[in-house]
Amino acid sequence: MRRSEFDRAVADEFGARGSSLISDLVLSELGGRTPADALAAGTPPRDVWLALCAATDVPASRRYGVGRVEPKRR
């Protein structure tokens with residue numbers, strides 16, 4: 001997962017609330033850091049996304065493959 005895919009996934013799943021979750025929610029799975037701090041420290045976006053999903057009870061069906069842009073049709 002790229003950072004841009006992470007950002008799209010957060011926006012799609014959490015809407016306007018996403019930015020506050022990223023900056024304010026402290027997650028033990030990320031070493032007691034917020035998602036923003038973990039990303040800044042070099043934690044892979046996929047790991048941050050999965051920790052955020054677990055903490056906010058996002059169903060497993062919406063955790064994988066999100067954030068990807070649909071390929072352009074020719």
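The table below gives the values:
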| item | result |
| --- | --- |
| Pick from the stretch 41-55, criterion touching a residue at least 12 places away in the same chain (Cβ under 8 Å) and not in a helix (DSSP H, G or I), ranking: farthest from residue 29 (Cα to Cα) | 44 |
| In the stretch 6-42, the residues that are touching a Lys or Arg at 6+ places or on another chain (Cβ under 8 Å) and surrounded by fewer than 16 Cβ atoms within 10 Å (Cβ to Cβ) | 26, 41 |
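Values in this text are rule-based calculations from the coordinates and carry no lab data. Computed from a predicted model, the values in this text were never measured in an experiment. Here Cβ is always computed from backbone atoms with ideal geometry, including for glycine, and neighbour counts include all displayed protein chains.
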